[in-house]
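Comments concern the structure below.
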Amino acid sequence: MGKRVLFFLLTNILVMTTIVIVWSIITTFTDIGGSFETGGSGLGIDYGSLMVFSLLVGFIGSFMSLAMSRWMAKKMMKVKVLDPDGSLAAQERALVEKVHRLSRAAGLMHMPQVGIYQSPEVNAFATGPTKKRSLVAVSSGLLSSMDDDAVEGVIAHEIAHVSNGDMVTMTLLQGVVNTFVVFLSRIVAIIVSRLVRSEMQMVVRFAAIIVFQILFSILGSIVVSAYSRWREYRADRGGADLAGRDKMAHALRSLKAQVNRAHLNNDRTDDAAIQTMKINGKSGVAKLFSSHPDLDERIARLEQR
């Protein structure tokens with residue numbers, strides 16, 4: 001659920017920042033960076049060269065994040081990948097069969113990897129660079145707290161994400177956002193560096209690029225989060241087509257019940273873990289950064305189909 005988007009955004013920001021730091025160090029010592037200041041604008045910026053540079057860095061960052069997404073998810077969540085041809089417990093075998101059955105119903109030619117990670121949180125996510133190299137993982141907390149129909153609805157939702165190619169679409173959108181982040185952060189950094197003494201300009205510009213890139217990346221995540229919320233509605237519809245609307249609605253209501261339990265008992269460790277779903281109850285500015293819409297709204301839209 002929200003973890004899929006969180007991993008992608010964090011990885012993207014880290015990759016982007018690393019690329020720009022390395023590039024800035026190289027250009028500082030080789031004076032390549034001066035190529036951006038040979039144009040005839042008021043700021044002395046060659047906007048064409050800067051835009052090409054921004055496009056390259058922006059899309060390299062997003063596609064590297066995509067390529068690393070499945071590996072990162074496995075490592076960070078300590079996912080146990082289930083071998084469909086190996087010896088599995090009854091619950092694990094049932095999970096693999098459910099994922100494969102729904103994947104075939106969605107028209108996927110290659111079955112996703114299936115995994116379980118140990119956590120009391122009620123969560124599931126799908127990730128991966130392509131439909132051929134996808135991963136669907138669920139928490140042990142989800143399997144222990146939801147009935148079979150609810151689990152099927154959750155998995156159908158995640159399979160719909162894979163079938164829709166949501167991670168690739170997210171990558172393209174993130175690439176566009178990254179391009180503007182790199183472009184604008186360098187322009188603002190040049191402006192800021194002009195406000196200090198000449199001997200300090202290089203240091204100030206270097207620091208300002210990093211600061212403004214992180215700041216603009218956070219602001220850009222508002223756009224990415226808005227798209228993410230829209231695709232959750234679409235994945236709910238896809239999950240309803242795969243598992244049936246009743247099972248999909250039942251899954252959402254079960255998630256709602258878990259969130260309500262967390263709010264009522266938020267002093268308990270296991271209930272606090274449930275709140276890490278971060279898919280309900282946000283308001284104000286925080287709602288702009290939410291990757292998932294409110295559960296009540298999701299249920300209402302599903303029932304209005």
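Derivation of every value follows stated rules applied to the coordinates shown; laboratory data play no part. Quick caveat, the model's predicted, so the values are computed rather than measured. Cβ sites come from the backbone with ideal geometry, for glycine too, and all protein chains shown count toward neighbours.
Quick notes on this structure:
- Ranked by how many other beta carbons lie within 10 Å on average, peptides 195-208, 134-147 from highest: 134-147, 195-208
- Computed E for ILE191/VAL285 - FRET, C-beta separation, R0 45 angstrom, nearest 0.05: 0.95
- The calculated FRET efficiency for MET51 paired with VAL168, based on their beta-carbon distance and R0 = 25 Å, is about 0.60.
- Calculated Rg and Dmax of region 206-258 using C-alpha coordinates, Å: 17.9, 55
- Summing Lys and Arg as +1 and Asp and Glu as -1 over all other residues whose Cβ lies under 13 Å from the Cβ of ARG93 gives a net charge of -2.
- Radius of gyration over Kirkwood radius for region 137-235, both on Cα atoms: the Rg/Rh ratio is 1.26.
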